[in-house]
Amino acid sequence: MVDQSYVVLASLVSLMTAPQVTITTEALILKTQSPVFRPHDSPLLSPLRLSHAVSSSNAAARPAAAIEEKLNFYPPIPDDVAQSMSPREWEQRCSLAVAYRIAYIHEWHENVFNHITLKVEGSDDAPDGPHFLLNDFGIGFDEITACNLLKVNLDGMVVEPVKPLSSERRDVNPGKGRVFKPGYVLHSAIHAARHDVHAVWHGHDLDASAISQTKFGILPLSQEATYCLNKGVSYHPFEGSANDLSEQPRLVANLGPQNQILMLEDHGPIVACPTIEEAFAGMYFLTRACKYQVKSLSAVGGDLNKIHIPDSNTMDEMVRRMEKFDEAPSADGKSTTQNKIASDAKVAENVSNEENAPKEVMHDTPGLMFAYARRSAEKVFGRDLIYR
């Protein structure tokens, strides 16, 4: 059965049955039937889109990757820094600092703008918690270090450490720090509303921002696009610079309770995930999918009739396979799916389910991707210049 959210793409396919047909803007403005993505009802703000929601049943059926080993290592907390923060916060600061350096390498930044934020573990219990880490406004992504990140609360106020860090560790901006309001408005809204989200990654990648300006959004033209759609993609209409607190409820409503990707129309993407590693993987695949889409549309002069767009049956299969994206080969040489079929057959014969359940092994793909990107950033910038 085709997911309801795919119905809109079937409409697109039907428009493309006749040869030499030019698909007009008017033809693309069709109502999306999924309120998770388009709670606003204006037809002009409800364009034809392949939007996909992560249902609770799908989420339950999709096991978390089994992390059998630690993939990302950071230097131990320096003695002078240990008087200002916990070892866990130091480790989080290191992972976020290198995330900014990774974003710089991939050109997911715009001068001193854009933000990646990470919720401070254990800060929910603080009197003004939770807290999250973000970049000091005015410092470039290639200048971010573990110690020049700011810790702020949901009101955007800087949370001072018990003991101030030395000026040597905050040499780019030795003052208290500056919080850029649009970054705070976007990120604090998501951190406050989505307790499953600890990392929020926002950037102005040129191709992803370009796709955010189109009425059809992300199309299922690649494996990378399918990865994104499988994580849940939402859209939020452009209201101007994100510096108005009244926009926060609408932004959160459009993101929804489980989706991990929010395309800010005429602005750019947000990826919201449980970990910084997953947020990186989401942004990587999203920007890659958008690059493919921009290039393919450019290659055919924007004529969607000349683009290979999968039919609904193929889309169902694409999503089904993507749900097993992290699956590793099993010891007996069979896929997990084959093992499950065999297991189900034995259950039907009244054989113990627990005894014959397939042993599913999943790679920590986001962790592996981030580890490679981290190592690359450390080679480019040097570990000592990042973790300080």
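The values are calculated or read from the model by the stated rules, or taken from the named source; none is laboratory data. On a predicted model such as this, the values are computed, not experimentally measured, just so you know. Please note: Cβ atoms are built from the backbone with ideal geometry, for glycine as well, and neighbour counts cover all protein chains shown. Remember, those area values only see protein heavy atoms, side chains included, never the ligands or the DNA or RNA. Shrake-Rupley method; radii C 1.70, N 1.55, O 1.52, S 1.80 Å.
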Exercise for the section: Could you please give the count of residues in region 152-187 that are outside any loop (DSSP other than H, G, I, E, B) and not basic (K, R)? Expected result: 11
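Table: residues versus (1) among the polar types (S, T, N, Q); (2) open to solvent by 50 Å² or more (accessible area, probe 1.4 Å).
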site	(1), (2)
V159	no, no
K181	no, yes
I190	no, no
V197	no, no
W201	no, no
T214	yes, no
G232	no, no
Y235	no, no
Problem - The one condition in (1) open to solvent by 40 Å² or more (accessible area, probe 1.4 Å); (2) at pLDDT below 90; (3) more than 29 Å from H236 (Cα to Cα); (4) of a type outside the set (D, E, K, R) that A82 fails to fulfil - result: (2)
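One line per residue, one yes/no per condition, for (1) closer than 21 Å to K291 by Cβ; (2) more than 16 Å from the chain's Cα centre (by Cα); (3) without any contact (Cβ under 8 Å) to a residue 24 or more places away in the chain:
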residue	(1), (2), (3)
T226	yes, no, no
Y235	yes, no, no
N243	no, yes, no
S246	no, yes, yes
A253	no, yes, no
G256	no, no, no
I261	yes, no, no
A272	no, no, no
A279	yes, no, no
Exercise for the section: State which residue is farthest from H195 (Cα to Cα) when the search covers only region 103-137 and only residues that are outside any loop (DSSP other than H, G, I, E, B) and of a type in the set (D, E). Expected result: E110
Fill in the blank from the handout: Scanning region 133-155 for residues that are open to solvent by 10 Å² or more (accessible area, probe 1.4 Å), more than 18 Å from I105 (Cβ to Cβ) and either more than 21 Å from the chain's Cα centre (by Cα) or modelled with pLDDT of 95 or more (or both) gives F137, G138, K151, N153, D155
